[in-house]
Each structure stands twice: as structure tokens, then as C-alpha cells.
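Novice: Have a look at this one before I ask anything.
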Amino acid sequence: MAYKISDECIACGACADGCPVSAISEGDKYSIDPATCIDCGACADVCPVGAPQAE
């Protein structure tokens, strides 16, 4: 199951830098492409506010 970025996102970019498969892109807030996400949790591990969450 892919991760999703919650509204707590502060757009710091830590999650995108930590993603090993480049599934995270920047927009109004960051978002995760569920087709690319491998559910590794690296984004959640580096996020300072816990915005990436498993769906």
C-alpha cells in the first residue's frame, strides 16, 4: 500500500530527497505517486512533521 502526504506537510522537501525511487513530486504540497511508491517508509522516516502516512 502506498504512502500519502497529509495536510501536515510543510513543503521542506526532506521526503523527496529520502525517496529511493523518486516517487515524490513537488506541487502546492508534496505528493507521492502510488504507482511508483514501493511502501518502504523512507519518506516517513525523514519527515520532521510526520506528513507521509501509509494509506
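Novice: For region 17-40, give me the residue count where each residue is more than 10 Å from the chain's Cα centre (by Cα) and hydroxyl-bearing (Ser, Thr, Tyr).
Specialist: Residues meeting the conditions: 1.
Novice: Related question: Please work out which residue is modelled with the highest pLDDT, limiting yourself to region 16-50 and to residues that are under 11 Å from ILE5 (Cβ atoms) and open to solvent by 90 Å² or more (accessible area, probe 1.4 Å).
Specialist: For region 16-50, the residue satisfying everything is GLU26.
The values are calculated or read from the model by the stated rules, or taken from the named source; none is laboratory data. Just so it is clear, the structure is predicted and the values come from calculations on it, not from any experiment. Ideal geometry is used to build each Cβ from the backbone, glycine not excepted, and the neighbour counts take in all protein chains shown. Protein only, heavy atoms only, side chains kept; ligands, DNA and RNA dropped before computing areas. Shrake-Rupley method; radii C 1.70, N 1.55, O 1.52, S 1.80 Å.
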